[in-house]
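One structure below.
Since every read-out is calculated from the coordinates, none of them should be taken as a lab result. In this text the structure is predicted, and so the values were computed from the model without any measurement. Counting neighbours? That spans all protein chains shown, and the Cβs are built from the backbone with ideal geometry, glycine included.
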Amino acid sequence: MLAIVLTPVGANGVQVYLNMNKPQYEPGEKGTIYITIRNGLDKPLQIKNVTVEFTSWKILTKDGWDPLGNQTIIYADKIIPALQTAALNDITFTVPTDGRASTTPLRIRIYTSEYPIDITDTIWVVDAYNQRVLKAMDNIVLLLTVVAILAIISAVIIAAAVFLSGRKPGVTWQKEG
């Protein structure tokens with residue numbers, strides 16, 4: 001699992017840890033973002049909502065910008081007691097399958113009872129071309145392995161033929177008659 005540890009936000013005692021269920025994704029694949037918040041304050045911290053923005057996956061339509069996948073998750077009763085830790089595990093996304101399926105900057109803003117917390121990261125996407133190239137490399141490696149095995153077998157057969165052709169037949173004794 002890929003884990004990205006972020007430094008504490010300011011000197012306020014709140015630490016935020018971000019990780020995803022995979023280090024990279026393919027177009028059409030679903031992913032999950034896990035956020036762990038450690039409240040180092042001496043009072044409870046209320047999480048009001050979390051806004052997630054996938055910067056490169058926006059598209060301009062006739063109605064304006066369509067922020068594909070951007071979401072706001074509202075937490076009505078999410079309170080982290082003083083000096084405790086809580087996890088936000090319900091942030092999911094789907095990598096687009098059209099031309100927008102590329103590596104994208106990720107911006108997460110957590111609105112709390114004290115102050116907003118900004119987190120930035122990157123969602124890595126393997127594009128379709130590189131995916132095909134990697135699968136083609138598997139075929140090339142298989143082909144080279146088969147060619148090497150056939151070359152070894154051919155060398156053994158040629159060596160046996162040379163050895164057998166160089167032998168003189170032995171003398172056979174026959175009865176005189």
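Quick one: dipole size for the chain, taken about the Cα centre, charges +1 on Lys/Arg Cβ and -1 on Asp/Glu Cβ, in debye to the nearest 20. Present the calculation step by step, with values, prior to reporting the outcome.
Details: 16 positive and 15 negative charges, 135 e Å.
Computed charge dipole of the chain: roughly 640 debye.
Tell me the mean residue ellipticity at 222 nm calculated for the chain from its helices only (DSSP H runs of n ≥ 4, each -39500 (n - 2.57), averaged over every residue, nearest 500). Please list the in-between numbers first.
Values: 1 runs with 38 residues, N = 177.
It lands at -8000 deg cm²/dmol.
I'd like to know which of Ile91, Ile123, Ile35 lies farthest towards the positive end of the charge dipole of the chain, counting +1 on Cβ of Lys and Arg and -1 on Cβ of Asp and Glu.
Selected residue: Ile123.
Charges on Cβ only, +1 for Lys and Arg, -1 for Asp and Glu, centred on the Cα centroid of the chain; of Thr55, Ser102, Ser165, which one is farthest towards the dipole's positive end?
Toward the positive end, the furthest listed residue is Ser165.
Please name whichever of Pro23, Met137, Ile153 sits farthest to the positive end of the charge dipole of the chain, dipole taken about the Cα centre and charges placed at Cβ: Lys and Arg +1, Asp and Glu -1.
Ile153
Diagonalise the Cα gyration tensor of region 2-126 and give the resulting equivalent ellipsoid semi-axes, square root of 5 times each eigenvalue, largest first, whole Å. Please list the in-between numbers first.
Working: eigenvalues 162, 49, 27 Å².
Its equivalent ellipsoid spans semi-axes of 28, 16, 12 Å.
If Lys and Arg each add +1 and Asp and Glu each add -1, what is the summed charge of the other residues whose beta carbon sits under 13 Å from the beta carbon of Ile47? Working shown, then result.
Values: positive: Arg38, Lys48, Lys78, Arg109; negative: Asp77, Asp90, Glu114.
Residues close to Ile47 contribute a combined charge of +1.
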